[in-house]
1. Quick one: order Ile144, Ile169 by neighbouring beta-carbon count within 10 Å, fewest to most.
2. If packing is taken as the average count of other Cβ atoms within 10 Å, what order do 32-38, 70-76, 242-248 fall into, highest mean first?
3. Each label point is 7 Å from the Cα along the Cα-to-Cβ direction; what then is the distance between the points at Arg119 and Ala241, in nm?
4. Given just the C-alpha atoms of region 31-141, how large is their convex hull per residue in cubic angstrom?
5. With an 8 Å Cα cut-off and a minimum separation of 6 or more residues, compute the relative contact order for region 30-204 in percent.
6. Provide the percentage of antiparallel DSSP beta bridges, counting only those with both residues in region 30-204; round to the nearest 5.
Amino acid sequence: MRRVNALLAAAGLAAAGLAWGHTEQTSLLGVEEKPGARVPLEARFLDEEGREASLRELLRAPTLLSFVYYRCPNACDLLLTDTALAVRQLALQPGRDFQLLSVSVDERETPADAREAKRLALASLPAGFPPQAWRFLTGSKAGIAELAEAVGFHFRRAGEEFDHPMALIALSPAGKVTRYLIGSEFLPLDLHMTILAASTGTIGPTVARLLRFCLHYDPNAGRYVFNTLKVTGVVTLTLAAAFVLYLVLAGRKRRVQGGANESR
């Protein structure tokens, strides 16, 4: 029994250490979710045509915000491409029901860089997609930092490049953060729910995470499929942990009863 307790204690310490390490790393690089936070509406940026506008002017519909840099050699292209692939499957009207904003984290980039990134992104979308529904922005170092800090997006410069997470951040038309979609693979149903929630300013990340965990999209079948292997694995591990806990508690109860009988 002592050995079992020692193993459980060691596992707990290891988990705590991993959690602490993850928290410390996230404070330097990653996404610190801030549902309900407000973006700085007066912060000003340049769009891909070099026109200056404030976020208050740019937020005209529920918005999916992404941070990238336009000369990024790999991860940013993946995020933009996967976003385009998911968006094209939405049964919503871009520009009216939702819009996208991509903001460069590199203050050295120009509207010309943004214009080229937009050209490549729109090439992945149907010809009828309205260009004004996806804006590509550049800005000052201070403006970028203010927006990133407001929504909890933490990045850092690494030489000529940047280390940064990949995510979409949903904003209401009033500039409130309503949901985070971490990574670069997005279920169209997840995006649809996220946009609908942003349209009313509703905060609710748990349903989307549960959908993403339990379902995966089968492009061949054209539908969502229950992820049996993943869910079964989690249920099995949960039952195993519960069984170990039962053995520990049952053994402890027998020891207490045995000690009481001996004292009689």
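No value in this document is a laboratory result; all are computed from the given coordinates. Computed from a predicted model, the values in this text were never measured in an experiment. Neighbour counts are summed over all protein chains in view; Cβ atoms, including those assigned to glycine, are modelled from backbone coordinates with ideal geometry.
1. Ile144, Ile169
2. Numbers: 32-38: 14.3, 70-76: 16.4, 242-248: 11.4.
The packing order, highest mean first, is 70-76, 32-38, 242-248.
3. Going from the Arg119 label point to the Ala241 one covers 5.2 nm.
4. Values: hull volume 12.6 nm³, N = 111.
Here the figure is 114 Å³ per residue.
5. Numbers: 350 pairs, mean separation 61.3, N = 175.
Relative contact order here is 35 percent.
6. Looking only at bridges with both residues in region 30-204, the antiparallel portion is about 60 percent.
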